[in-house]
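J.: Have a look at this one before I ask anything.
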């Protein structure tokens, strides 16, 4: 959760200059307010109050002005504790705290009527799930491990390629040794002749380069290209291609399942974030005196490193709204079944 834009470290010199500029602005505003003349009023014979244009104006109620300004600033920052968090134990902080308590109540019941800034909250759902519902993360980790297990199991051929093609193992020196003594000697020309003539030329060249160097075509890792094949007959080639195609289709289906699992997680995270958003908006609308707009953004993709260092004060109005919403909103960990069970159930329903 974030109620303020992310901050970066401010150099001391820049901070001091900004502090002095803001202090000068505040002094100027408070001075101008003290000099603002307040018209006198008089009561008419009918009992109404009207401006007495013949009387000299009064001095403005500067104490009220300063108190209202402090209350508005405290409400905008998120509360009395939030605005005094910079040095909460100082005598200055205690004096301001007591002044604000006398104005809005120690429970801040009347503080939010003074707020002028809209409430801006970004719900970083992934961070909230990790912090408040880590069981959901563990469930998805288990689902990904299961998909990996299925992929590894399916990666092994369920047929013997040697029944359909001559199989050759690549040695560290780059030679190809047949597994069957009856196989012909390795020939690059024979290997090229067995390639699909409809495949792109650059792809065929890439496959040959992979076999020559031993670097996996898709992994990019040395030593991953270890096996090559030569044709035995066109009929056996066709059967080999059919079986290989089925094998690759099974692997592709598992890969697709992994992508769908990722999309399901995003949907569930989004639904959780939207439920939190609705709850926050409802509670904000019920907060006495709070009349400013409430903007809640749901972010399911971003996970900030070291977010606690830039997070808004933990006891601000924004944080209290988020904490209360989290306490009574079901999380993705509360969904029925495991992530894979939910995904497979959805596939059956489609």
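J.: Which ones in the stretch 216-234 are more than 21 Å from residue 185 (Cα to Cα) and either over 36 Å from the mean Cα position of the chain (by Cα) or touching a residue at least 24 places away in the same chain (Cβ under 8 Å) (or both)? Give the derivation first.
T.: Keep residues of the stretch 216-234 that are more than 21 Å from residue 185 (Cα to Cα), which gives 216-224.
Hit for the stretch 216-234 is 223, nothing else.
J.: Another one. Of all residues in the stretch 44-68 being in a loop (DSSP other than H, G, I, E, B) and surrounded by fewer than 11 Cβ atoms within 10 Å (Cβ to Cβ), which is farthest from the chain's Cα centre (by Cα)? Break it down stepwise before answering.
T.: Looking only at the stretch 44-68, we keep the residues that are in a loop (DSSP other than H, G, I, E, B), and these are 44-48, 52-57, 60-61.
Going one step further and asking which of them are surrounded by fewer than 11 Cβ atoms within 10 Å (Cβ to Cβ), we end up with 44-48, 53-54, 56.
Details: 44: 64, 45: 67, 46: 65, 47: 62, 48: 59, 53: 61, 54: 64, 56: 61 Å.
This residue is 45.
J.: Further, regarding this structure: Are any residues in the stretch 150-162 touching a residue at least 12 places away in the same chain (Cβ under 8 Å) and either more than 19 Å from residue 191 (Cα to Cα) or loosely packed, with under 15 Cβ neighbours inside 10 Å (or both), and if so, which ones? So that I can check it myself, show each step before the final result.
T.: First, pick out the residues of the stretch 150-162 that are touching a residue at least 12 places away in the same chain (Cβ under 8 Å): 150-151, 154-155, 157-159, 161-162.
Correct list: 150, 151, 154, 155, 157, 158, 159, 162.
Table: residues versus (1) closer than 20 Å to residue 33 by Cβ; (2) without any contact (Cβ under 8 Å) to a residue 60 or more places away in the chain.
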site: 65; (1), (2): yes, yes
site: 68; (1), (2): yes, yes
site: 89; (1), (2): no, yes
site: 119; (1), (2): no, no
site: 122; (1), (2): no, no
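J.: A further question on this structure: Considering each of 281, 268 in turn, give the residue that is buried (at least 16 other Cβ atoms within 10 Å of the Cβ), within 29 Å of residue 122 (Cβ to Cβ) and either without any contact (Cβ under 8 Å) to a residue 24 or more places away in the chain or in the same structural domain as residue 174 (by TED's automatic domain parsing) (or both). If you could, list the steps in order and put the result at the bottom.
T.: Values: 268 fails: either without any contact (Cβ under 8 Å) to a residue 24 or more places away in the chain or in the same structural domain as residue 174 (by TED's automatic domain parsing) (or both).
The unique qualifying residue is 281.
J.: Okay, next question. Out of 318, 248, 291, I need the residue that is more than 21 Å from residue 137 (Cα to Cα) and crowded, with 19+ Cβ neighbours inside 10 Å. Which one?
T.: Numbers: 248 fails: crowded, with 19+ Cβ neighbours inside 10 Å; 291 fails: crowded, with 19+ Cβ neighbours inside 10 Å.
Checking each option against the conditions leaves just 318.
J.: In the stretch 30-39, is there at least one residue being modelled with pLDDT under 85 and either surrounded by 12 or more Cβ atoms within 10 Å (Cβ to Cβ) or farther than 30 Å from residue 315 by Cα (or both)? Explain how you work it out, then say what you get.
T.: Taking the stretch 30-39 first, the residues modelled with pLDDT under 85 are 38-39.
With either surrounded by 12 or more Cβ atoms within 10 Å (Cβ to Cβ) or farther than 30 Å from residue 315 by Cα (or both) added as a condition, the list becomes 38-39.
Looking for residues that are modelled with pLDDT under 85 and either surrounded by 12 or more Cβ atoms within 10 Å (Cβ to Cβ) or farther than 30 Å from residue 315 by Cα (or both), one finds at least one in the stretch 30-39, hence yes.
Every residue, every condition in (1) in a helix (DSSP H, G or I); (2) modelled with pLDDT under 95; (3) in contact with a strand residue (DSSP E or B) (Cβ under 7 Å, 6 or more places away or on another chain), yes or no:
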residue	(1), (2), (3)
252	yes, yes, no
258	yes, yes, no
268	yes, no, no
282	yes, no, no
296	no, no, yes
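J.: Now a separate question. Collect the residues in the stretch 89-110 that are loosely packed, with under 10 Cβ neighbours inside 10 Å and outside any helix (DSSP H, G or I), keeping them in residue-number order.
T.: Answer for the stretch 89-110, where residues must be loosely packed, with under 10 Cβ neighbours inside 10 Å and outside any helix (DSSP H, G or I): 89, 107.
J.: Looking at the structure I just gave you, is residue 145 surrounded by fewer than 11 Cβ atoms within 10 Å (Cβ to Cβ) and within 30 Å of residue 267 (Cβ to Cβ)? Break it down stepwise before answering.
T.: Values: surrounded by fewer than 11 Cβ atoms within 10 Å (Cβ to Cβ): yes; within 30 Å of residue 267 (Cβ to Cβ): yes.
Yes; evaluated as a whole, the condition is true for this residue.
The values are calculated or read from the model by the stated rules, or taken from the named source; none is laboratory data. Keep in mind the model is a prediction, meaning the values are calculated, not measured. Note that each Cβ is placed from the backbone with ideal geometry, even for glycine, and that neighbours are counted across all protein chains shown.
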